[in-house]
1. Determine the sum of side-chain charges near Met19: Lys and Arg each +1, Asp and Glu each -1, restricted to other residues whose C-beta is under 11 angstrom from that of Met19.
2. Residues with amide H under 5 Å of Ala39's amide H, sequence separation 5 or more or different chain, H placed in the peptide plane at 1.01 Å from N; which?
3. Long-range amide H contacts for Arg73: which residues qualify at under 5 Å (H placed 1.01 Å from N, peptide plane, sequence gap of 5 or more or a different chain)?
4. Considering only DSSP states other than H, G, I, E and B, which trypsin sites (Lys or Arg not before Pro) in region 1-74 qualify as loop sites with at most 15 other Cβ atoms within 10 Å?
Amino acid sequence: MKFGFSSYSFHQRISTGDMSLFDVIDWVADSQGEHLELAVLSNSAQNTIPTVESDPDYVRAVKTRAADRGVTRETFSTACCGFCARARPGRICRGVIRRIRRATGAFRAG
């Protein structure tokens with residue numbers, strides 16, 4: 001078991017600009033935390049938490065900072081959107097496609 005935090009706990013500080021994701025990683029490491037859950041609240045390219053839409057250089061920088069500070073990362077993923085029941089047979093609904101894209105981004109983010 002690892003002692004860690006969720007980026008969601010820092011959502012208010014991140015959204016106001018008081019902290020960056022790099023500051024959060026440093027805070028977790030300085031508090032003897034070992035783990036940071038990256039809770040994706042938006043799939044926007046401007047999102048602080050890495051997603052499939054994020055700049056690959058930013059994703060690499062986040063991975064590097066966390067590794068350098070000894071903080072492991074995992075990404076929180078939400079359940080199915082509920083659109084599946086309305087999808088036509090044989091078609092994948094848009095919600096599932098969004099989830100697949102988020103999972104791909106989560107994999108890249110580590």
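Laboratory data are not the source of any read-out in this text; all were calculated from the coordinates shown. The shown structure was predicted, so the numbers you read here are calculated from the model rather than taken from an experiment. Ideal geometry is used to build each Cβ from the backbone, glycine not excepted, and the neighbour counts take in all protein chains shown.
1. Net charge around Met19: -2.
2. Residues meeting the amide H criterion: Ser7, Tyr8, Phe76.
3. Leu36
4. Lys2
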